[in-house]
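Read through the structure below, which is laid out as structure tokens, and then see the notes.
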Amino acid sequence: MTDQFLASLANLPERSFEAGCEILRQGEKRGQVYVLLRGSVEVVKSDARICVVSEPGAILGELSILLNIYHTATVRTLEPSTFHLIEKAAQFLSENPVATLHVARLLARRLALLDSYFSELKTDFVKVKEQLKEATPAQPADTTALTSFWSKAEKGIVQRWYLTPRGD
């Protein structure tokens, strides 16, 4: 599917950026979508790095287009990177079923993984909560369970925040 999607973009302009360039800025609204061809970017939300994206076919800026909202994160190149630029992205998606299906699958994959992850996290949270309820001054709660829970939560959110296509 990713190859078919990239082939459907062949006539679109390519834009190249040096390392350190901001291609999308949190809080702005540009009406554009970038599709990564080569290179890597970081996705930063409120000064926290959410993830690094380097897989060709990764789509950047799609939430802003689909929800008609401002960009929810800043995207910055980590190395020289090349993208297909989709200028009128909403119109492009409405006229290009291959691209729309690609975006839908990407978003569905993100949702499924986040749903699974939050289910696991809730189970772990209940276990930690029970340990805390059972704690007494004579036998305090095991803080390693809390530390482990927090670490798992933080790592899982970062890993699942932005998923790239896997060539389905």
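The values are calculated or read from the model by the stated rules, or taken from the named source; none is laboratory data. This is a predicted model, so every value here is computed, not measured. Glycine gets a Cβ as well: all are built from the backbone with ideal geometry, and neighbour counts include every protein chain shown. With ligands, DNA and RNA removed, areas are computed over all heavy atoms of the protein, side chains included. Shrake-Rupley method; radii C 1.70, N 1.55, O 1.52, S 1.80 Å.
In the range 3-31, the residue that is modelled with the lowest pLDDT out of those that are out of contact with any His (no Cβ under 7 Å at 6 or more places or on another chain) and under 22 Å from residue 109 (Cα atoms) is 3. Filtering the range 94-106 to residues that are surrounded by fewer than 21 Cβ atoms within 10 Å (Cβ to Cβ) and not β-branched (Val, Ile, Thr) leaves 94, 95, 96, 97, 101, 104, 105.
Yes/no per residue for (1) at pLDDT below 75; (2) open to solvent by less than 70 Å² (accessible area, probe 1.4 Å); (3) of a type in the set (Val, Ile, Thr):
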position	(1), (2), (3)
111	no, no, no
116	no, yes, no
136	yes, yes, yes
139	yes, no, no
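Restricting attention to the range 29-49 and to residues that are among the aliphatic types (A, V, I, L, M) and surrounded by fewer than 20 Cβ atoms within 10 Å (Cβ to Cβ), the residue that is farthest from residue 8 (Cα to Cα) turns out to be 48.
The strands (runs of 3 or more DSSP E) located wholly in the range 1-87 that include 3 or more residues which are of a type in the set (A, V, I, L, M, F, W, C) occupy 33-38, 41-45, 48-53, 81-86.
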